[in-house]
Every structure is written in structure tokens, then in C-alpha cells.
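The values are calculated or read from the model by the stated rules, or taken from the named source; none is laboratory data. Source: prediction; values computed, not measured. A quick note on method: Cβ atoms are made from the backbone with ideal geometry, for glycine too, and the neighbour counts reach across all protein chains shown.
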């Protein structure tokens with residue numbers, strides 16, 4: 001199914017790069033968990049870029065952000081194997097470019113051969129990718145950008161091999177560290193690469209040292225205006241440590257460690273309250289832990305709260321603590337950014353890129369994961385030295401606004417596309433596949 005209209009998208013009259021048209025490839029659109037991608041796509045739309053969104057999967061999300069609704073008419077979907085569009089696209093390229101079709105197929109499969117599971121997915125993906133390539137040609141696409149380094153980027157790579165279209169991609173987290181199949185190849189073939197932390201940029205540069213200059217670090221920004229407002233509503237009461245924690249209730253998030261730390265606070269007669277906002281598979285186990293430690297009146301599982309309901313909790317709190325275990329965490333959780341932006345002192349663990357935001361004893365406190373004694377000691381320090389806690393909160397807020405303001409980060413994305421994509425004019429199928 002193809003959706004062509006531009007209904008509801010706020011575009012300026014002047015287009016960036018006359019004759020340029022982007023193909024933006026995503027895993028699923030709309031996707032409520034990928035608001036960072038939506039922000040960047042919306043910024044491109046507002047700055048006059050023409051594009052189509054190619055979604056590998058259909059979305060079944062029940063919640064769709066208003067910005068995503070305005071972009072849905074730009075989405076292109078296809079079945080994986082046996083639809084009329086997919087089969088006719090294979091025949092189109094087999095009839096016109098048979099050698100290039102087979103070279104593209106075998107090049108793609110060759111890189112996947114060492115990973116049987118990835119190979120099977122690649123074999124299923126390839127026909128859809130070819131169908132997308134035909135759509136791109138029909139629409140006059142001049143550049144492809146993939147929003148993950150895994151299968152979206154695989155489609156971009158296939159497009160380059162099959163049609164000669166240049167591509168770029170964004171790399172984020174698991175797509176860099178967990179699934180590195182073909183990653184050096186994709187890096188070398190890309191026009192440019194965006195990634196969301198400096199730690200990621202260094203890692204990717206090590207995979208393709210000769211291409212490090214085209215790997216760009218751009219943070220995922222947030223609209224921080226409401227968090228600045230929240231900072232002015234904090235209670236001026238240091239008689240109790242009011243700890244807020246937010247996240248899906250998975251074991252990796254370390255809520256069990258935070259609860260153990262709270263038990264140590266109680267043993268040492270530190271006045272505190274702790275509220276944990278979120279839901280998930282660990283809820284029952286965490287509730288039993290709270291009960292067994294006699295913390296029923298001290299630690300509360302609040303369940304899921306929307307952003308507006310969360311604001312009152314930030315007004316209530318004077319400290320934020322999240323103690324995730326480093327595995328399965330590669331970026332910077334938004335809750336740290338949001339808490340610092342609302343001028344809460346933050347307690348964190350040494351995640352992959354944490355020192356880009358929470359710098360120990362400068363913009364927050366960092367303790368080892370799975371160490372409730374260290375977490376308790378840090379929280380006690382926050383209670384005993386409220387002026388120092390405030391100093392950390394103010395320094396953290398300043399850094400959060402410096403690095404993560406949405407207006408700044410989306411402007412960097414747009415500038416990169418203007419610099420690399422808009423000036424070029426790439427006739428399709430005239431470039432030799434490399």
C-alpha cells in the first residue's frame with residue numbers, strides 16, 4: 001500500500017535542494033517508542049525536504065503521536081514475499097538489469113553467511129527491498145537515509161548496489177553493539193553516518209578508521225521547555241529526601257538495587273520517600289521485595305503515568321535515582337536528561353555513555369551497578385549536604401540544556417542533510433554499484 005498525499009505536513013514554500021527527494025527507511029512507522037526518529041523526520045519536513053517514508057513493518061501501535069499522524073500519508077509499505085508489487089519488482093530488475101540484480105543479491109547474502117539467523121531474515125527481506133527500490137526509482141529518489149544500522153540500513157545498501165542511489169544512516173544502540181553484521185561494510189559504503197553519542201562515534205570510527213571523518217555525532221534532543229518550568233516548582237524543604245525513579249520495570253533497570261538501598265536508608269534513620277513510576281514484568285517481584293523489607297510506607301510503585309501526571313512527581317522530588325545494569329543500555333536514557341533539565345540531582349550507574357551527561361561529582365553522582373551500599377551512601381550524602389545536592393542539580397541542568405535542547409539537535413540534523421544531501425544531483429542507475 002502506498003500513501004502519497006502530503007496532508008497536514010507543515011512545509012515552507014521554499015524547498016531545500018530543488019529536485020532532491022529522500023527515501024527515509026524505518027523499521028516501523030508510526031512507532032511510539034521511536035519519538036527521537038519522529039523528531040528528526042518532522043524537522044526535515046518543516047525545513048522543506050521532500051521525502052517518502054518506507055516502513056519495513058506495518059504499525060499496530062494504539063497510540064500515535066500527532067506529528068506521526070501528519071506524516072502517515074507519506075508512508076509506503078509492502079508485503080515481504082508474495083504481493084503483486086514485490087513479484088513485479090523482481091521481474092522488473094531481472095528483465096532490465098539481471099547481472100546487477102544477482103550481483104546485489106549475492107553481495108548481500110555473502111556478508112550475512114556467517115550468521116544463519118541473520119541470513120534467514122536477509123533472504124526474507126531482500127524481495128521487499130527490491131520492491132522499495134523500484135518505488136524509489138518511480139518517485140525520483142535521489143538519496144536514501146536509514147534510521148537504524150540493521151535492516152533499514154540493509155535496504156539502503158541494497159538500493160545502492162541495485163540502483164546506484166547514495167545512502168546514509170543513523171546508528172543508535174543495539175544496532176551497533178548487539179548486531180554488527182555487515183556494519184563495517186555499511187559504514188564504508190555510506191555517504192555519512194549519524195550517531196547519538198560521542199562514545200558511539202568513537203566505536204564506529206574504530207570499525208572503519210579510513211571513513212571516520214564521515215561519522216557524525218548528533219545527540220537526540222528533547223523539548224525541554226516544560227522541564228524548565230518544573231524546576232521552578234520544587235519544594236524548598238530539605239527535611240526529607242524525596243527520591244523519584246522512572247522506567248519500565250525490567251530487571252536491567254536495577255529497581256531491586258534501589259529498593260535495597262532504601263532499606264539501608266531506613267536502617268540508618270534517614271527520612272525519605274521513594275516513588276517508582278512505571279510498569280512491567282518485574283512489578284510483582286518488586287512489590288514482594290518492598291513488603292519483605294518492611295518498606296510499604298516508604299517505597300511506592302506508582303504504575304504508569306503520562307508526561308503531564310509525571311510533572312507533579314518532579315515537583316515533589318528533590319533527587320532522581322535510576323541504577324540500571326550496564327548490559328542492554330548503550331545510550332543515554334531520556335529520564336536522566338529530563339530529570340537534570342528539571343533541576344533534580346541525579347544518581348546513575350556507569351552506562352556506556354553516561355559521562356557525557358552525568359559526570360560524577362560535577363553534574364550528578366555515579367555508583368557501580370548492583371551495589372546497594374554505594375547507592376545508599378550516595379543518597380545519604382544528598383540528604384546530608386543539600387547545598388551540594390543543589391550544586392549538582394544546577395550544573396546538570398546547565399549541561400542538559402547545552403547538549404540536548406531539541407531546537408539545537410534538530411538544527412544539526414537539518415544542517416547535515418543540507419550539506420551532504422541537498423547539493424547533490426544523482427541520476428539513478430548511472431552510478432556503478434560499488
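Do you know which of the residues in the stretch 269-282 that are surrounded by fewer than 16 Cβ atoms within 10 Å (Cβ to Cβ) and under 23 Å from residue 339 (Cβ atoms) is farthest from the chain's Cα centre (by Cα)? Let's see the steps before the verdict.
Within the stretch 269-282, the subset surrounded by fewer than 16 Cβ atoms within 10 Å (Cβ to Cβ) is 269, 271, 279-281.
Still in the running and under 23 Å from residue 339 (Cβ atoms): 271, 279-280.
Working: 271: 37, 279: 20, 280: 20 Å.
Residue satisfying both the conditions and the ranking: 271.
Is it true that residue 186 is assigned by TED's automatic domain parsing to the domain that holds residue 39, within 23 Å of residue 413 (Cα to Cα) and either modelled with pLDDT of 95 or more or surrounded by fewer than 20 Cβ atoms within 10 Å (Cβ to Cβ) (or both)? Write out each step before concluding.
On the way: assigned by TED's automatic domain parsing to the domain that holds residue 39: yes; within 23 Å of residue 413 (Cα to Cα): yes; either modelled with pLDDT of 95 or more or surrounded by fewer than 20 Cβ atoms within 10 Å (Cβ to Cβ) (or both): yes.
Criteria met by residue 186.
Within the stretch 287-301, residues that are surrounded by 15 or more Cβ atoms within 10 Å (Cβ to Cβ) have Cβ atoms under 9 Å from residues that are assigned to a loop (DSSP other than H, G, I, E, B) in these pairs: 289/295; 290/296; 290/298; 299/293; 301/249; 301/279, counting only partners at least 6 apart in sequence or on another chain.
Of the residues 49, 108, 93, which single one is in contact (Cβ under 8 Å) with a residue 60 or more places away in the chain, within 23 Å of residue 145 (Cα to Cα) and part of a helix (DSSP H, G or I)? Give the derivation first.
Values: 49 fails: part of a helix (DSSP H, G or I); 108 fails: in contact (Cβ under 8 Å) with a residue 60 or more places away in the chain.
Step by step, each of 49, 108, 93 is checked, and only 93 is in contact (Cβ under 8 Å) with a residue 60 or more places away in the chain, within 23 Å of residue 145 (Cα to Cα) and part of a helix (DSSP H, G or I).
The residue of the stretch 195-212 that is nearest to residue 412 (Cα to Cα), among those that are in contact (Cβ under 8 Å) with a residue 12 or more places away in the chain and touching a strand residue (DSSP E or B) at 6+ places or on another chain (Cβ under 6 Å), is 195.
Evaluate the stretch 174-193: report whether one residue or more is under 27 Å from residue 330 (Cβ atoms), touching a residue at least 12 places away in the same chain (Cβ under 8 Å) and assigned to a strand (DSSP E or B).
We begin by selecting, within the stretch 174-193, every residue under 27 Å from residue 330 (Cβ atoms); these are 174-193.
Next, from what is left, pick out any that are touching a residue at least 12 places away in the same chain (Cβ under 8 Å): 174-177, 179-193.
Subsequent filtering for residues that are assigned to a strand (DSSP E or B) retains 193.
Scanning the stretch 174-193, I find at least one residue that is under 27 Å from residue 330 (Cβ atoms), touching a residue at least 12 places away in the same chain (Cβ under 8 Å) and assigned to a strand (DSSP E or B), so the answer is yes.
Tally the residues that are over 25 Å from residue 138 (Cα atoms) and in a helix (DSSP H, G or I), restricting the search to the stretch 52-88.
Within the stretch 52-88, the subset over 25 Å from residue 138 (Cα atoms) is 60-67.
Then keep just the ones that are in a helix (DSSP H, G or I); that gives 66-67.
Qualifying residue count, the stretch 52-88: 2.
Would you mind finding the one in 358, 346 that is surrounded by 17 or more Cβ atoms within 10 Å (Cβ to Cβ), part of a strand (DSSP E or B) and within 23 Å of the chain's Cα centre (by Cα)?
On the way: 358 fails: part of a strand (DSSP E or B).
Selected residue: 346, the only one of 358, 346 that is surrounded by 17 or more Cβ atoms within 10 Å (Cβ to Cβ), part of a strand (DSSP E or B) and within 23 Å of the chain's Cα centre (by Cα).
Just to be sure, is residue 181 at pLDDT 95 or above, touching a helix residue (DSSP H, G or I) at 6+ places or on another chain (Cβ under 6 Å) and under 21 Å from residue 107 (Cβ atoms)? No: the conditions fail for residue 181. Within the stretch 295-331, the only residue that satisfies the criterion of being under 23 Å from the mean Cα position of the chain (by Cα), over 16 Å from residue 227 (Cβ atoms) and part of a strand (DSSP E or B) is 321. When the stretch 362-401 is filtered for residues that are over 15 Å from residue 323 (Cβ atoms) and surrounded by 23 or more Cβ atoms within 10 Å (Cβ to Cβ), the ones remaining, listed by number, are 363, 392, 393, 396, 400.
Candidates are the residues of the stretch 219-255 that are more than 22 Å from residue 397 (Cα to Cα) and touching a helix residue (DSSP H, G or I) at 6+ places or on another chain (Cβ under 6 Å); the one that is surrounded by the fewest Cβ atoms within 10 Å (Cβ to Cβ) is 249.
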